[in-house]
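Novice: Quick one: this structure, given as structure tokens, is what I'll be asking you about.
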There are 2 protein chains.
Amino acid sequence: MNKIELTSIGIIKTPFNKPQGMPIQPTGAKGIKGEIHLKDKYVEGLKDLDEFSHIILIYYLHLTKGNALQVKPFMDNKPHGVFATRSPKRPNNIGLSTVKLESIDGNIIHISNIDVVDGTPLLDIKPYVPQLFEDTLDNDIKIGWFDNNYNKAKNQKADGRFVE
Amino acid sequence: MNKIELTSIGIIKTPFNKPQGMPIQPTGAKGIKGEIHLKDKYVEGLKDLDEFSHIILIYYLHLTKGNALQVKPFMDNKPHGVFATRSPKRPNNIGLSTVKLESIDGNIIHISNIDVVDGTPLLDIKPYVPQLFEDTLDNDIKIGWFDNNYNKAKNQKADGRFVE
């Protein structure tokens, strides 16, 4: 199986009309409000989702131009393998964010802490349930080159490097 | 944008040759060893990944038959909206697991705590960096119907309900 065809289940609406100037991770997007406009035919799949405080969004980074195996990420001056970064310029341009679920009104899901550009096509919603994996994490989580850099994600904004 | 074409970047090899009897989440797969066989052309993208202890795998649930908007998950007797579950029978059959990275040898990535069936096509690898989102989580994480059920994921095994 090589080619896999997926479909957009809806659109993520945010205040960011272009990547330039956007927060680069949820930690830099605290309090930023957005909405998911789910296609009507999927609304039945939202049953009981309103009992969760946080959801995982899997989406398609539709503005990314091409891909690269080594990239210089926003938070470092050195190139790294793309799989060791959260750069959008990946072999498959899939993005992943855990956001806060505020409320659901029909096919509109109100969210906050959202770090994607307006109009991003959504692929999936999963409930955030840390109990399903946290006990498998070691106490010593190693985060490679992020170790001296992750604090930059609080304030650093995106530029156009991955969409031009 | 409705149809989105992605490509398998490699295969996840595990001891589970069919869904029936498999662990249903990483918490039930502690110590289970697996390998990612990355396509050779993507190996350059692994640079510096070996400095991370845990990685996030995004993969295609290729054995799932069809999809359903309401499902009865392994851990409960009541149906829930599919987006409020981790059921594989989703509009896009995308799966997500955080696993331990043991070592990398060329295009082979040795992992543990893996809860997928042998031969699962891989779509993406991202480094697990909790610092990028954990400060946006409330202290009070609500996990809906999982609240009384998540412990079942430690021992419960999958049956064939989503592949038959």
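Novice: Could you tell me which numbered condition A:Glu134 fails, if it satisfies all but one of (1) without any contact (Cβ under 8 Å) to a residue 60 or more places away in the chain; (2) facing chain B (nearest Cβ under 7 Å); (3) closer than 21 Å to B:Ile94 by Cα; (4) of a type outside the set (A, V, I, L, M)?
Specialist: Against the list (1) without any contact (Cβ under 8 Å) to a residue 60 or more places away in the chain; (2) facing chain B (nearest Cβ under 7 Å); (3) closer than 21 Å to B:Ile94 by Cα; (4) of a type outside the set (A, V, I, L, M), A:Glu134 comes up short only on (2).
Novice: A further question follows. Select, from A:Glu51, A:Glu102, A:Glu35, the only residue that is without any contact (Cβ under 8 Å) to a residue 40 or more places away in the chain and more than 24 Å from B:Gly45 (Cβ to Cβ).
Specialist: Just one listed residue meets the conditions, A:Glu51.
Novice: Step by step: first the residues of region A:105-131, then only those that are outside any loop (DSSP other than H, G, I, E, B) and among the hydrophobic types (A, V, I, L, M, F, W, C), then the one that is farthest from B:Pro91 (Cα to Cα). Which residue is that?
Specialist: Looking at the filtered set, the residue picked out is A:Ile111.
Novice: For the condition farther than 20 Å from B:Ile55 by Cα and in contact with a strand residue (DSSP E or B) (Cβ under 6 Å, 6 or more places away or on another chain), what is the one hit in A:Asp124, A:Asp115? Steps first, please.
Specialist: Details: A:Asp124 fails: farther than 20 Å from B:Ile55 by Cα.
Checking each option against the conditions leaves just A:Asp115.
Novice: Output the residues belonging to region B:43-64 that are aliphatic (A, V, I, L, M) and within 18 Å of the chain's Cα centre (by Cα).
Specialist: Those that are aliphatic (A, V, I, L, M) and within 18 Å of the chain's Cα centre (by Cα): B:Ile55, B:Ile56, B:Leu57, B:Ile58, B:Leu61, B:Leu63.
Novice: Go through (1) at pLDDT below 95; (2) facing chain B (nearest Cβ under 7 Å); (3) touching a Leu at 6+ places or on another chain (Cβ under 9 Å) and name the single condition A:Pro19 misses.
Specialist: (2)
Novice: Answer yes or no: is there a residue in region B:51-72 that is at the interface with chain A (Cβ under 10 Å from one of its Cβ atoms), outside any strand (DSSP E or B), at positive phi and crowded, with 17+ Cβ neighbours inside 10 Å.
Specialist: Checked region B:51-72: no residue is at the interface with chain A (Cβ under 10 Å from one of its Cβ atoms), outside any strand (DSSP E or B), at positive phi and crowded, with 17+ Cβ neighbours inside 10 Å.
Novice: Here is a list of conditions, (1) within 26 Å of B:Ala84 (Cα to Cα); (2) within 7 Å of chain B (Cβ to nearest Cβ); (3) in contact with a Lys or Arg (Cβ under 9 Å, 6 or more places away or on another chain), and A:Thr98 meets all of them except one; can you say which number that is?
Specialist: The single condition A:Thr98 does not satisfy is (3).
Novice: Here's another thing I want to ask about it. Listed residues B:Ile104, B:Ile108, B:Ile114; which is modelled with pLDDT of 85 or more and either facing chain A (nearest Cβ under 8 Å) or under 18 Å from A:Phe133 (Cβ atoms) (or both)?
Specialist: Going through B:Ile104, B:Ile108, B:Ile114 in turn, the sole match is B:Ile114.
Novice: Here's something else I'd like to know. Taking the condition within 30 Å of A:Glu51 (Cα to Cα) and either at the interface with chain B (Cβ under 8 Å from one of its Cβ atoms) or not in a helix (DSSP H, G or I) (or both), does A:Asp159 pass?
Specialist: Answer is no for this residue.
Let's see how each residue does on (1) over 12 Å from the mean Cα position of the chain (by Cα); (2) of a type in the set (Val, Ile, Thr):
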| residue | (1), (2) |
| --- | --- |
| A:Thr27 | no, yes |
| A:Lys41 | yes, no |
| A:Gly66 | yes, no |
| A:Leu69 | yes, no |
| A:Lys78 | yes, no |
| A:Gly81 | yes, no |
| A:Ala84 | yes, no |
| A:Leu96 | no, no |
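Novice: Among the residues of region B:143-155, is any more than 7 Å from chain A (Cβ to nearest Cβ) and acidic (Asp, Glu)?
Specialist: Quick first cut of region B:143-155, residues more than 7 Å from chain A (Cβ to nearest Cβ) only: B:147-149, B:151-152, B:154-155.
Cutting the leftovers down to acidic (Asp, Glu) gives us B:147.
Yes, there is a match, as at least one residue in region B:143-155 is more than 7 Å from chain A (Cβ to nearest Cβ) and acidic (Asp, Glu).
Novice: Turning to a different aspect of this structure: Of all residues in region A:127-149, which are at pLDDT below 90, surrounded by 17 or more Cβ atoms within 10 Å (Cβ to Cβ) and over 16 Å from B:Asp115 (Cβ atoms)?
Specialist: The answer is A:Asn149, and nothing else.
Novice: Checking the structure you have, find out if any residue of region B:22-44 is within 7 Å of chain A (Cβ to nearest Cβ), over 20 Å from B:Lys157 (Cα atoms) and assigned to a loop (DSSP other than H, G, I, E, B).
Specialist: no
The values are calculated or read from the model by the stated rules, or taken from the named source; none is laboratory data. Being a predicted model, the structure only gives us computed values, none of them experimental. Positions of Cβ are generated from backbone atoms using ideal geometry, with glycine treated the same way; all protein chains shown enter the neighbour counts.
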